[in-house]
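Please treat every number below as a calculation from the coordinates, not as lab data. Computed from a predicted structure; not experimentally measured. Every residue, glycine among them, receives a Cβ derived from its backbone with ideal geometry; neighbour counts consider all protein chains shown.
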Amino acid sequence: MTALIRFSHISKSFDGGRLKAVDDVSLDVAEGEFLAVVGGSGSGKTTLMRLVNRLITPDGGSIEVAGEDNAQIDAIELRRRIGYVVQNGGLFPHMTIADNIGITPKLLGTPAREIATRVDELLDLVRLERGQYRDRFPHELSGGQRQRVGVARALAAKPRIVLMDEPFGALDPLTRDALGDDYHALHRKLGLTTIMITHDMTEAILLADRVAVMRTGRLLAEGTPRELSASTEPYVGELLGTPRRQAERLKMLLPPDGAATQGGPA
Amino acid sequence: MTLFNDPRWGEALGHLPDYLGSHVRVSLAALALGLAISLPLAIAARHRPVLRGALLGVASVVQTVPGLALLALFYPLLLALAALALKWFGVGFSAFGFLPAVLALALYSMLPVLRNTITGLNGVDPALTEAAQGVGMTSRQSLLMVELPLALPVMMAGIRTSAVWVIGTATLSTPIGQTSLGNYIFAGLQTQNWVLVIFGCLASAVLALAVDQLLALIETGIRLRSRIRTGIGALGLVAIVIATLAPAFSHGGARIVVGAKTFTEQYVLAALMSQRLQAAGMPATTRQGLGSSVIYDALKSGDIDVYVDYSGTLWANQFHHTDVLPREQLLAELKTTLSKSGITLFGELGFANAYALVMPRQKAEALGIKSVADLAGRAGSMTIAGDYEFFSRPEWAGLTQAYGLAFKAQRTMQPDFMYAAVSSGDVDVIAGYTSDGLIAKYDLVVLDDDKHAIPPYDAIMLLAPKHGEDEKLRAALQPLLGAIDLPLMRAANLRAAGNDATSSPESVAQWMWQSIGKK
């Protein structure tokens, strides 16, 4: 598979060079791949993602998007080509759901009738009832519904690439799980290339094809979950510790036959 | 007669279309100008802390300048600009009335709009501006489609505050020649016609509340995306504008504008002159409550056509003479000086309204004081009161120099309250006006000025340059010249100082005309 997004020795610092947010990171994301970038706060993972659609300009290195240096592409045009999902949906509170979803096509000058058709398609795609949600406002929706709208908005202009910044972080576990699965299905169905930022290793392992681990601006390790579990990096082991413990406890507490063990480990 | 069936309410109501219309026009023009300046500035300053600080600082300082002073400052400023424009481009403009009022009020309106627009824009959730960028908006699109709509409620609150301030402060534009609801308040205060004062306050309060509520309706309409609310609010504002513009169009045509300064006698004389002009078939209107120096410049530039001034005032204040000439000589000199500016000294009315030191008759007799010289010996233990300008006028300097006057204290007060104050003993001496009817009412005496420290103050009628040769106008006003002696003017002033239906300047002017006819 060819790399759709290629980070080459990319660096970015803030505060006049005192804070190195991203430090010499090189990474390929193949077409159709679902990459999760995992790290704690301050690891530089969000900065890395924002460099892709040029919400941030790098200090050094380059990023290629579909073979083209993204510094050579007009930033506004680039962003309209790349889907962008943020935590809590980032919906515009003064616009209806339909207006929120149709915003990027509108900016691209798509005729209103086409936008309306597209909005209905997208509502179907993210499994929201067309007639019921189209004309409502974001504050009338639940957190999960808002994030579904956020996903629909990101997909409105038919991008090949979707960037997601902690998309499901603020949702309750059930909603989060359902939404994660639904998005994963969409990713496959539409042949998207997705970069998802998360601090939750479990989520990363469950959704992504490949996981990249970042710490203090550096890329510590990357690979499939299986490859990562073989990593000798202590931090990677630490991150994998949580899902492992969770899996063991869950296995113990929820045996396949349905009878929960009494009084499990403390 | 109760407060409610007082005929003066009806009289006040008669002026409402004119006063309210002018008030609305000047307020809305100022608000529109203020918005047109503040909004772009606020948008430009929102991400620039230094500019933001500077803007808010300047706007705050402007806010601390009293409204009246700010309005008064714009008059000489524009006068100078108008002179420059005339010199450089050959086109002058009127520095009187509307323009200075609009500029000063616009400046006054800026702080709440600037502050709330900046606060509103900076208060937009950064996650949303980032989302706006993320979906591919340019910074202009982000501003128009996301930031401004979200900041609108806060901005509207600022605009509402501005509107209320401007409508309230616009009442102070009367002294610089802009007709407003302040005309009621200034005229009422000068002639002690409290019905007028109350009427003016109520009218401007109702107007401010109405505009505030309509803006509130628009604000909630925008917030709740209710086209009906926004529409009703906007319609209401448009209705106010149309209703107040209608009378302005209906009474077009050239009118003779009679000016009046800020005291009772001037209101009465202006009413008398405009009645004479109307009787001669010339449409006339009055501009009342003009400041002493504003009124002369207004006549010179043709913003008003005729008014009554006093020889000594022009001599000392307008032309800055420090010497005092005998009466006839001073008038002759004035006539020459005025004609250089194209102004016609049409003639004397027949009385003088000089500043004079005045005290209660009983007290003066008890202390054996007949003249200012007698007073000088006792001044050290006495308090003197004068009007707003007296103590900064050259006459005061002349008096203190000539007689060596040194009072224990000096106080400034509203002219109509001085007489009561000296009568009740709150102050010992006042700088009163010789033609004031209250001198007789309170049984006061005028102290002799043996050394002629105060120049003569003959009441003289001045005509604007374009009316110098206007025979029709001259013929209409000619009968007033030499026809008003001191007892008549005093009696008229006393009538006007009353507080009933016959004390309006118009009624007093009619009474005067009848008295003149009987002579």
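Miscellaneous remarks
- The protein assembly as shown: antiparallel DSSP beta bridges as a percent of all, rounded to 5: 55
- Panel note: the C-alpha atoms of region B:305-394, placed on their principal axes, show extents of 50, 26, 24 Å (largest first).
- Rounded to the nearest 20, the Cβ-based charge dipole of region A:1-100 about its Cα centre (Lys and Arg +1, Asp and Glu -1) stands at 340 debye.
- Inter-chain shielding of A:103-113 (mean C-beta neighbours from other protein chains, 10 Å cut-off): 2
- Counting only lysines at least 8 places from B:LYS451 when in the same chain, those with an alpha carbon closer than 28 Å to its own are B:LYS335, B:LYS363, B:LYS370, B:LYS408, B:LYS441.
- Dividing the summed helix terms, -39500 (n - 2.57) for each DSSP H run of n ≥ 4, by the number of residues in chain B produces a 222 nm estimate of -19500 deg cm²/dmol to the nearest 500.
- For region B:48-200: relative contact order, % (alpha-carbon pairs under 8 angstrom, 6 or more apart): 25
- Remark: spin-label model distance B:PHE93-B:GLN329 equals 4.6 nm, labels positioned 7 Å along the Cα→Cβ axis.
- Residue-averaged beta-carbon neighbours from other chains (10 angstrom radius) around A:149-155: 1
- Put the Cα centre of region B:132-146 next to the Cα centre of region B:271-299 and the gap is 57 Å.
- The alpha carbon centroids of region B:485-514 and region A:200-214 are separated by 95 Å.
- Relative contact order [Cα under 8 Å, 6+ residues apart], chain A, whole percent: 24
- Estimated D of chain B in µm² per second, where Rh is the Kirkwood radius over Cα pairs and Stokes-Einstein applies at 4 °C, 1.567 mPa s: 51
- Residues A:ILE195, B:ILE516, ranked from the fewest to the most other C-beta atoms within 10 Å, line up as B:ILE516, A:ILE195.
- Seen from B:THR262, the other residues with C-beta closer than 12 Å to its C-beta sum to a net charge of -2, counting Lys and Arg as +1 and Asp and Glu as -1.
- Full-extension gain in nm, B:ALA80 to B:ALA32, via 0.36 nm per residue minus C-alpha separation: 14.8 nm
- Dipole of chain B computed with +1 at Lys/Arg Cβ and -1 at Asp/Glu Cβ about the Cα centre; of B:LEU20, B:LEU447, B:ALA475, farthest Cα towards the positive end is B:LEU20.
- With contacts taken as Cα pairs under 8 Å at a separation of at least 6 residues, region A:66-180 carries a relative contact order of 42 percent.
- Modelled FRET efficiency - R0 25 Å, B:SER371 with B:ASP443, Cβ distances, 0.05 increments: 0.85
- Largest GNM mean-square fluctuation across A:ARG160, A:ARG215, A:ARG127, computed for chain A with C-alpha springs under 10 Å, falls on A:ARG127.
- In chain A, helices alone account for a calculated mean residue ellipticity at 222 nm of -11500 deg cm²/dmol, with every DSSP H run of four or more residues adding -39,500 (n - 2.57).
- Under the span-like rule (Cα at least 27 Å along the axis, Kyte-Doolittle mean at least -0.5), DSSP H helices of chain B: B:7-45, B:67-89, B:98-122, B:148-169, B:194-223, B:227-250
- Computed about its Cα centre, the charge dipole of chain A is approximately 340 debye, with only Lys, Arg, Asp and Glu carrying charge at their Cβ.
- Student exercise, region B:94-236 dipole from Lys, Arg, Asp, Glu Cβ charges, in Debye to nearest 20: 220
- Per-residue mean of C-beta atoms belonging to partner chains within 10 Å, peptide B:135-142: 6
- Computed from phi, the 3J(HN,Hα) profile of region B:461-471 under the Karplus parametrisation 6.51, -1.76, 1.60 (θ = phi - 60°) reads 9, 10, 10, 5, x, 6, 10, x, 10, 7, 4 Hz, with x in place of Gly and Pro.
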